[in-house]
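Asks: So that we are looking at the same thing, I have put the structure below in structure tokens.
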Amino acid sequence: MRSDWKIKKLFDIAVFNPKETIKKGAVAKKIAMDKLNLFCRDVCGYTEEAFSGGVKFKNGDTIMARITPCLENGKIAKVNVLDDGEIGFGSTEYIVYRAIEGISDEDFIYYLVTSPIVREPAIKSMVGSSGRQRVQIDVVQNLKIAVPDIEEQKKISGLLKAIDDKIAINSKINDNLEQQAQAIFSDMFPDIFASNSSATLQKMIDFSNGKKRPETLGNIPVYGGNGILAYTDEANSENCVIIGRVGAYCGNTFLCLGKCWTSDNAIQAKSKNDSSPLFIYYLLKNAGLPSRHIGTGQPLMTQGILNSIPINEPPFQAIGEFISICQPIHQVIFANEKENATLSSLRDALLPRLMSGEIDVSSIQL
């Protein structure tokens with residue numbers, strides 16, 4: 001810690017679960033726990049009484065999940081989806097942090113909460129029944145933290161935010177490019193799932209279950225039902241589509257254009273007729289997989305379900321044309337994803353060093 005940083009308790013620099021007065025009949029946005037990082041934009045009317053039991057927040061506030069496994073999975077987000085002056089609300093299983101004007105910077109508070117300085121003590125404080133433990137708010141409030149002045153806070157958060165902003169731009173570009181490829185698929189294969197089917201997916205695709213992920217670390221992505229879980233130094237597939245096999249993410253689909261490890265809570269799919277997975281990726285994305293599982297309490301996708309999905313098999317020439325059109329699109333997407341992975345690693349490496357004062361940014365001009 002640098003000598004010019006001051007030791008303070010976290011409640012000295014952030015308001016916890018701030019109180020908000022919401023008028024009767026107000027319009028607000030509700031954010032559910034499972035949408036913490038994918039904010040729900042549904043607009044609903046609620047009376048003042050309807051807000052009385054939950055936490056409230058505004059743009060600029062930081063929200064942290066309070067329960068397992070959400071906190072351990074990194075469920076922390078900065079609110080940025082509300083309109084000016086609008087108030088959101090959510091479950092009491094959130095902790096809301098609000099910067100104090102003139103004392104703390106809202107982006108600094110966000111990065112502080114995401115850093116090990118706050119997250120690790122928060123996780124260690126959890127008490128309650130197994131699998132549903134809760135962070136003790138008073139423990140987090142009383143954490144003693146070394147804090148710079150607000151100008152240096154802004155420099156620290158500005159460096160980290162610049163990385164996150166670039167990641168967000170790349171992700172937005174990728175979303176737009178994938179929408180273009182989806183439009184091309186819909187235009188070229190409008191009747192592929194029509195009722196007068198001529199074949200099933202089994203004729204076109206090889207499905208296989210994934211395996212338990214290795215403990216070793218590396219730069220090869222490990223895919224589960226909700227995308228990349230970690231990175232390892234081994235691969236059990238490449239150029240494939242990954243499908244969520246079990247649980248809440250059952251039926252999710254992801255495209256890997258390089259080497260990867262498909263974990264045991266996912267299924268991998270590879271084309272029988274072509275080395276490129278592009279066509280089967282869009283084919284599976286349009287097959288309504290999340291609604292085809294078996295089981296209710298614990299949804300399950302099986303190879304049998306996938307193999308039996310009826311389709312109208314398109315001409316091989318049309319598949320090749322689709323791949324040739326969309327391959328350049330996905331080369332850009334893949335490059336952006338690789339850059340985002342590098343940027344994420346850089347941010348995660350810098351985060352604890354910046355928040356602890358190990359890296360001095362006081363002389364940096366932003």
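The values are calculated or read from the model by the stated rules, or taken from the named source; none is laboratory data. Quantities reported herein were computed from a predicted structural model and do not represent experimental measurements. Neighbour counts run over all protein chains shown; Cβ positions are idealised from the backbone, glycine included. Quick note on the areas: whole protein, heavy atoms, side chains included, nothing else; ligands and nucleic acids left out. Shrake-Rupley method; radii C 1.70, N 1.55, O 1.52, S 1.80 Å.
Asks: What's the local net charge at ASN265, with K and R +1, D and E -1, over the other residues with C-beta under 13 Å away? Each step should come with its number before you reach the end.
Replies: On the way: positive: LYS211, LYS212, ARG213, ARG245; negative: ASP264.
Net local charge, ASN265 excluded: +3.
Asks: Ordering LEU112, LEU346 from largest to smallest accessible area (1.4 angstrom probe), what's the sequence?
Replies: Numbers: LEU112 0, LEU346 80 Å².
Correct descending sequence by accessible area is LEU346, LEU112.
Asks: Relative contact order (percent) for the range 104-216, with alpha-carbon contacts under 8 angstrom and 6 or more residues of separation?
Replies: Numbers: 41 pairs, mean separation 26.0, N = 113.
Computed value for the range 104-216: 23 percent relative contact order.
Asks: Give the long-range amide H neighbours of CYS240: residues separated by 5 or more places, or on another chain, with amide H under 5 Å away, using H modelled in the peptide plane at 1.01 Å from N.
Replies: CYS256, GLY258
Asks: Starting from the amide H of MET126, placed 1.01 Å from N in the peptide plane, find each other amide H under 5 Å away whose residue is 5 or more places distant or on another chain.
Replies: Amide H neighbours of MET126, under 5 Å, 5+ apart: GLN136.
Asks: Further question: Can you list the HN-Hα couplings for the range 77-88, worked out from phi with the Karplus curve (6.51, -1.76, 1.60; θ = phi - 60°), rounded to whole Hz and with x for Gly and Pro?
Replies: Karplus-based 3J(HN,Hα) across the range 77-88 equals 8, 9, 6, 8, 10, 8, 7, 4, x, 7, 10, x Hz.
Asks: Another question, then. Determine the calculated [θ] at 222 nm for the chain from helices alone, applying -39500 (n - 2.57) to every DSSP H run no shorter than 4 residues and normalising by the residue count; nearest 500 deg cm²/dmol.
Replies: Result for the chain: -10500 deg cm²/dmol, rounded to the nearest 500.
Asks: So, one more: At 1.4 Å probe size, put TYR110, TYR282 in order of accessible surface, largest to smallest. Provide the component values of the computation, followed by the final result.
Replies: On the way: TYR110 45, TYR282 0 Å².
From most accessible down to least: TYR110, TYR282.
Asks: Over the Cα atoms of the range 215-366, what radius of gyration and what Dmax do you get, in Å?
Replies: 19.1, 64
Asks: Also, I was wondering about something else. Which entry in (i) 49; (ii) 43; (iii) 57 is this structure's computed percent of Cα pairs over 27 Å apart?
Replies: (iii)
Asks: Give the long-range amide H neighbours of TYR231: residues separated by 5 or more places, or on another chain, with amide H under 5 Å away, using H modelled in the peptide plane at 1.01 Å from N.
Replies: Residues meeting the criterion, in which the H sits 1.01 Å from N, are GLY218, VAL222.
Asks: Quick check: the distance between the Cα centres of the range 250-305 and the range 337-355, to the nearest angstrom?
Replies: If we compute the Cα centre of each part, the gap is 29 Å.
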